[in-house]
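The values are calculated or read from the model by the stated rules, or taken from the named source; none is laboratory data. Not measured: the values here are computed from a predicted model. Reconstructed Cβ throughout: ideal geometry from the backbone, glycine too, with neighbour counts over all protein chains shown. Only protein heavy atoms, including side chains, enter the accessible area calculation; ligands, DNA and RNA are left aside. Shrake-Rupley method; radii C 1.70, N 1.55, O 1.52, S 1.80 Å.
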Amino acid sequence: MAHHYVCPIPRGLARNASSFTSLNVGNDWYPNGGKEAAGDVGELIAKHRYLKTLVFDDIYLAAREDMEELLRGVAKNRSVKELMFSACNGFWGSVVEILTPFLEENTELTKLAIGDCHSMKHDELRALASVLQKCTNSSLREIVLFRQRINDDLSAELIASFSSLPQLTKLDLSENGVGIKGCEALASLLRNPASQLQEIKLGSNRGSNHIDDKGATVLAESLVGNTTLTSLDFGGDDVLKNLMAKETNTQEEISAIEQLEKRQAKKPRSN
């Protein structure tokens with residue numbers, strides 16, 4: 001008879017399922033039982049009705065088929081409000097396809113964050129955006145794509161796709177390669193009367209195409225008439241302050257930037 005490895009972690013968690021609402025799956029936590037143990041963890045997540053925050057952090061040793069088995073369980077969950085992947089590499093490829101039911105049917109999801117996952121290819125990011133475009137009844141409010149090696153062309157594609165998510169309030173594209181095309185796509189989004197975007201993070205977008213005065217000017221022009229945005233964060237770069245000093249600004253643009261700065265000053269600081 002084949003031996004079935006039973007991972008003690010999900011068994012212990014299952015006995016106390018109602019006592020925790022967040023779960024962090026890291027490389028040091030990852031079960032040693034291979035695909036069967038990963039399936040056990042996935043099944044726990046699938047059935048957990050109280051789980052609100054699910055984080056996959058710094059996973060690089062797990063076999064791809066093990067993670068796929070675990071993520072099939074995640075795909076069945078309908079309670080998670082925040083799903084985050086940080087520094088997870090080596091198992092991307094079919095992740096978006098596996099998680100599509102979760103993204104399309106989980107109306108509780110408010111935040112999706114992916115950062116430092118460099119093995120996630122551009123085509124997979126496009127696939128993710130395509131899935132999100134179809135989630136017209138989504139509660140998704142925040143998207144984080146931090147340090148994902150997104151170039152200017154791809155940033156424009158992704159941002160344009162987010163126009164189908166008018167309920168989106170926070171967008172973080174820090175430490176990528178957003179340039180003039182990405183800024184033009186953001187400007188279009190900010191001009192949309194249906195947009196609810198309140199916070200945009202664009203810090204440290206470097207490379208051959210990065211946010212310079214031209215990109216900042218495009219964004220400034222889009223602020224005219226926008227009263228929803230409360231934070232336009234360029235990280236340590238004083239792009240808005242430099243822009244205010246430009247002699248080519250119209251009075252409308254100067255007024256729009258000043259109004260944004262006032263809204264930013266009133267906004268409570270958050271991480």
Worksheet, complete the sentence: If each K or R counts +1 and each D or E counts -1, the residues other than ASN89 whose Cβ falls under 10 Å of its Cβ total -2
Worksheet item: With every protein chain present, what accessible area does LYS52 have (1.4 Å probe, heavy atoms only), rounded to the nearest 10 Å²?
Response: 70
Item to complete: Might you tell me the accessible area per residue for the stretch 155-210, computed with a 1.4 Å probe and given in Å²?
Response: 38
Worksheet item: Which of the pairs LYS47/LYS134; LYS214/LYS262; LYS121/LYS201; LYS181/LYS201; LYS214/LYS266 have their Cα atoms more than 18 Å apart in this structure?
Response: LYS47/LYS134; LYS214/LYS262; LYS121/LYS201; LYS214/LYS266
Practice prompt. Considering Cα pairs under 8 angstrom that are at least six residues apart, work out the relative contact order of the stretch 43-89 and quote it in whole percent.
Written response: 61
Worksheet item: If amide H atoms are built 1.01 Å from N in the plane of the peptide, which residues on other chains or at least 5 residues away come under 5 Å of the amide H of ASP58?
Response: SER86, ALA87, CYS88
